[in-house]
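Reviewing the structure listed below.
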């Protein structure tokens with residue numbers, strides 16, 4: 001059976017839009033909100049487009065539903081990203097060092113805050129904090145590898 005391999009670096013177009021808020025903390029927070037919020041809104045749009053095509057008809061109601069879902073998903077995930085980036089930056093400033101522990105602490109705090117905002121019980125807040133810390137730490141380690 002023939003085999004094929006992909007050789008070369010994987011990279012996509014890099015888009016950097018920087019909004020200067022006059023403060024590094026605000027700059028990073030807004031940047032995280034905009035980038036991840038855009039990704040979440042695009043994901044929601046792609047998912048809804050798939051279901052609309054699968055159904056075979058486009059109605060005003062389905063379009064409005066998709067638009068509302070895009071805004072809701074973009075705002076939710078953008079807020080989570082903004083809080084995480086702000087937390088990580090704040091931890092970095094408090095600790096005075098830049099390492100993977102900042103990502104872990106920032107992820108744990110963000111997971112806990114998101115869980116508290118959803119009015120979850122103590123056990124769910126704890127598991128969400130652990131999950132947030134683990135995901136952020138794993139992402140940081142993967143980032144170091146590339």
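Can you name every residue in the stretch 122-134 that is buried (at least 17 other Cβ atoms within 10 Å of the Cβ) and within 17 Å of the chain's Cα centre (by Cα)? 128, 129, 132, 133, listed by residue number. Does residue 143 satisfy the criteria of being surrounded by fewer than 17 Cβ atoms within 10 Å (Cβ to Cβ), more than 26 Å from residue 19 (Cα to Cα) and without any contact (Cβ under 8 Å) to a residue 24 or more places away in the chain? Criteria not met by residue 143. Within the stretch 91-146, the residues that satisfy the criterion of being outside any helix (DSSP H, G or I) and either more than 18 Å from residue 79 (Cβ to Cβ) or in contact with a helix residue (DSSP H, G or I) (Cβ under 9 Å, 6 or more places away or on another chain) (or both) are 96, 97, 98, 99, 118, 120, 121, 146. Applying the selection to the stretch 21-52, what residues are free of Cβ contacts under 8 Å to residues at least 24 places away in the same chain and buried (at least 16 other Cβ atoms within 10 Å of the Cβ)? Across the stretch 21-52, the qualifying residues are 27, 48, 52. Within the span defined as the stretch 53-72, one or more residues are outside the structural domain of residue 128 (by TED's automatic domain parsing), under 29 Å from residue 105 (Cβ atoms) and exposed (fewer than 14 other Cβ atoms within 10 Å of the Cβ).
Of the listed requirements (1) over 25 Å from residue 30 (Cβ atoms); (2) at pLDDT 95 or above, residue 104 misses just one: (1).
The values are calculated or read from the model by the stated rules, or taken from the named source; none is laboratory data. For clarity, every value in this text was computed on a predicted model and none was experimentally measured. As a convention, Cβ positions derive from the backbone with ideal geometry for all residues, glycine included, and neighbour counts pool all protein chains shown.
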